[in-house]
Amino acid sequence: MKQIATLLLFLLFSGFCVAQAQPYTTIKNVAGSDFGETGVYYKDLDHIFDNFTGTYLYDENGIYLKFILQKKEMSSMNNYYFEDRLIGGYQLKINNVEIANVLNDVDNNFSNGIKHVISCRLIIPGGGYGFCEECPTSERWLMGYIKDITTGKSCELRIRKIIHNGQEAIKIEMFRGMETRVAGSPTPLAISLPLFQELILIKQ
């Protein structure tokens, strides 16, 4: 009888520990309109991020740009809420000179996916926002950011999954807004990323 009581107490305690380990109370679709509610896990229920994962390469016109993209599940936003994200690293060469190589950033186990050099969370329907305007509204593309490691500045990144000449690929475009500086202050370093160009990276 004592053994049964001990077993029941163990099972009860184990169940309590499992219940305590779950840091969220609700699951919602990351592709939905809600955002940032405390205790919510915004999960990639439609597996949209999975469609973008892989290694992609652009190698033309003196630009060599390689992306490694992975899905990061349950990224922690300071434990207030959680979300799935597409994260990644990149390698950039200009005229065969390596400018940056942070491909291994995908191996960093950051609890917060925003810390990766490539991080996308927004899932956008086709037909607007100045990108993918020719896409059907049923198509989904991604908006996030890429960090230029030579300056430490973040640039907007837009990614569309496509088929190019029969091969899986992504079409990307990177942007950064105008910057102002105080007269007489040092000229800021130039962004090394190839901005304001549509590039097609072929899946490897």
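The values are calculated or read from the model by the stated rules, or taken from the named source; none is laboratory data. Since this is a predicted model, take the numbers as computed values, not measurements. Please note: Cβ atoms are built from the backbone with ideal geometry, for glycine as well, and neighbour counts cover all protein chains shown.
Just to verify a result, which residue in the stretch 23-42, among those that are of a type in the set (Ser, Thr, Tyr) and without any contact (Cβ under 8 Å) to a residue 24 or more places away in the chain, is surrounded by the fewest Cβ atoms within 10 Å (Cβ to Cβ)? Lay out the reasoning, then the answer.
Going through the stretch 23-42, the residues of a type in the set (Ser, Thr, Tyr) turn out to be 24-26, 33, 38, 41-42.
Next cut, without any contact (Cβ under 8 Å) to a residue 24 or more places away in the chain only: 25-26, 33.
Values: 25: 10, 26: 12, 33: 6.
Here the residue is 33.
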Exercise for the section: For residue 57, state whether it is buried (at least 20 other Cβ atoms within 10 Å of the Cβ), of a type in the set (A, V, I, L, M) and either in contact (Cβ under 8 Å) with a residue 40 or more places away in the chain or touching a strand residue (DSSP E or B) at 6+ places or on another chain (Cβ under 9 Å) (or both). Expected result: no
Exercise for the section: Mind listing whichever residues of the stretch 81-108 are within 21 Å of residue 151 (Cβ to Cβ) and assigned to a loop (DSSP other than H, G, I, E, B)? Expected result: 95, 102, 108
Exercise for the section: Answer yes if at least one residue in the stretch 69-83 is in contact (Cβ under 8 Å) with a residue 40 or more places away in the chain, closer than 23 Å to residue 23 by Cα, hydroxyl-bearing (Ser, Thr, Tyr) and exposed (fewer than 14 other Cβ atoms within 10 Å of the Cβ), and no otherwise. Expected result: yes
Handout entry: Set 111, 75: member being more than 18 Å from residue 201 (Cα to Cα) and part of a strand (DSSP E or B)
Key = 75
Practice task
Considering every residue within the stretch 125-145, establish whether at least one is β-branched (Val, Ile, Thr) and part of a strand (DSSP E or B).
Solution key: no
Handout entry: Flag for residue 170 being without any contact (Cβ under 8 Å) to a residue 12 or more places away in the chain and part of a strand (DSSP E or B)
Key = no
Problem - Check on residue 144, crowded, with 21+ Cβ neighbours inside 10 Å, in contact with a Leu (Cβ under 6 Å, 6 or more places away or on another chain) and of a type outside the set (A, V, I, L, M) - result: yes
Problem - residue 122 vs. criteria touching a strand residue (DSSP E or B) at 6+ places or on another chain (Cβ under 7 Å), crowded, with 20+ Cβ neighbours inside 10 Å and either on the phi > 0 side of the Ramachandran plot or part of a strand (DSSP E or B) (or both) - result: no
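Out of the residues in the stretch 86-111 meeting the condition of being free of Cβ contacts under 8 Å to residues at least 40 places away in the same chain and surrounded by 15 or more Cβ atoms within 10 Å (Cβ to Cβ), tell me which one is nearest to the chain's Cα centre (by Cα). Before you say what the answer is, go through the steps one by one.
Residues of the stretch 86-111 that are free of Cβ contacts under 8 Å to residues at least 40 places away in the same chain, as a first pass: 87-89, 91, 93, 95-98, 101, 103-111.
Applying the additional criterion that residues be surrounded by 15 or more Cβ atoms within 10 Å (Cβ to Cβ) yields 87-89, 91, 93, 103, 105-106.
Numbers: 87: 3, 88: 6, 89: 10, 91: 16, 93: 22, 103: 14, 105: 12, 106: 10 Å.
Out of the qualifying residues, it is 87.
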Completion exercise
Screening 187, 180, 151 for residues that are touching a Ser or Thr at 6+ places or on another chain (Cβ under 9 Å), assigned to a loop (DSSP other than H, G, I, E, B) and either at pLDDT below 95 or among the aliphatic types (A, V, I, L, M) (or both) leaves only 151
Problem - Answer from 45, 65 - the residue that is surrounded by fewer than 17 Cβ atoms within 10 Å (Cβ to Cβ), of a type outside the set (Ser, Thr, Tyr) and more than 13 Å from the chain's Cα centre (by Cα) - result: 45
